[in-house]
Amino acid sequence: MLNEDGHPISYQVDLGATTPFQLTQDHHHTDGGSDDAAGYAVAFTEADDCQLFATSNKEGTCGAGVLDFAQDGAALSDVVTWVAVGFHHVARDEDQSPMEMHWQGFTLTPRDLTAQRADPPPARQDVNGRPSPPR
């Protein structure tokens, strides 16, 4: 997609201080070797109506989860971003030991979403990123 100035719109995914997380249901996708084979932090797929959830989708042509339907090097035009985060957990006595407090989340920041900022100073409303030529 392009903004009003014809510049590509993009997004920055920042995982910040997220604690690594992997869904239990995704463990069958690993080869039991290195940690690199265990899941994903961020994955991108083409939008597909049967790919609703990161895991436990109905079996069929889509696959059960992200690791089934994400493909390296796939051409994408209607992109879906899958960020592997789960929840904010505060440990309590009833939890399985060991279970520590951890946080998971991410920030999605748009880049070049609009042609200019929403509230430009009145004297610069018509400049739109291009300074006037020197006089």
*Go through the stretch 58-73 and give me each residue that's outside any loop (DSSP other than H, G, I, E, B) and either of a type in the set (S, T, N, Q) or open to solvent by 40 Å² or more (accessible area, probe 1.4 Å) (or both).*
67, 68
*Right, residue 55: loosely packed, with under 11 Cβ neighbours inside 10 Å, at pLDDT below 85 and of a type outside the set (Asp, Glu) or not?*
no
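Just to be sure before I move on: is residue 15 modelled with pLDDT under 80, closer than 15 Å to residue 82 by Cα and open to solvent by less than 90 Å² (accessible area, probe 1.4 Å) in the structure I sent? Full working, then the answer.
On the way: modelled with pLDDT under 80: no; closer than 15 Å to residue 82 by Cα: yes; open to solvent by less than 90 Å² (accessible area, probe 1.4 Å): yes.
No; evaluated as a whole, the condition is false for this residue.
The values are calculated or read from the model by the stated rules, or taken from the named source; none is laboratory data. Everything numeric in this text was worked out from a predicted model, so none of it was measured. With ideal geometry, Cβ positions are generated from the backbone for all residues, glycine too; neighbour counts draw on all protein chains shown. All accessible areas refer to the heavy atoms of the entire protein, side chains included, with ligands and DNA or RNA removed. Shrake-Rupley method; radii C 1.70, N 1.55, O 1.52, S 1.80 Å.
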